[in-house]
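Read the figures in this text as sums done on the coordinates, not as results from a lab. The model shown is predicted, which means the values in this text are computed figures rather than measured ones. In this analysis, Cβ positions are derived from the backbone assuming ideal geometry, glycine residues included, and neighbour counts consider all displayed protein chains.
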Amino acid sequence: MGDTLASALVFVLLRSRDYWVAASGVDDDETLRLLSLVERTLTSRIDDALRAHDSGIDQWRVLSLLAERGGQPMTAVAEHAMLLAPKLSKLVDRMVAANLVLRRPDVEDRRRVLVAATDRGRRALAEWDTVVAAVQDELRAVLGADAGRLTELLRRLHAGLGAPAVPADRAG
């Protein structure tokens, strides 16, 4: 969960705390804490699993977007990877050096640069996707039949906070 989304979630939940507790008997502080703990735990597990394959969650997010949607401007990559521009720029520099991605001019707007996955990047992503799928399988095993419902609820919460829609085919 990106910092902006987390901050918006905290604001909305804290603002409605009294109403929520009175209506539901559920403590917002615990809900926020649990959301944060789950996000941190899953992110850490994915990142640790990817590190064993000389990668990390940020590289995986970047290549996932580029493999799915082709060349993208840095702003789109930053939003998808939930990274600030300076950190993304350094990451993309390292990925270019490793021949995972390349920068190329946008044919429609020569002033803009697109980042695209290389063949080597796509092969690496296939390996990394397998690693991430194992962590996702752990999540689904814990949730069982509720896994789809959790995705639905999180998508609704995300949209309700005014965040850009997450395509249904990106459900993990």
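Scalar couplings 3J(HN,Hα) for the stretch 114-128, obtained by applying the Karplus form with A = 6.51, B = -1.76, C = 1.60 to θ = phi - 60°, are 9, 10, 9, 6, 8, 4, 4, x, 5, 5, 4, 4, 4, 5, 5 Hz; x denotes Gly and Pro.
Ranked by the mean number of other Cβ atoms within 10 Å of their residues, highest first, the peptides 29-40, 123-134 fall in the order 123-134, 29-40. Taking amide H as placed 1.01 Å from N in the peptide plane, residue 114 has its amide H under 5 Å from the amide H of 104, 106, each at least 5 places away in sequence or on another chain. Each Lys and Arg contributes +1 and each Asp and Glu -1, all at the Cβ; summed about the Cα centre of the stretch 27-172, the dipole is approximately 700 debye.
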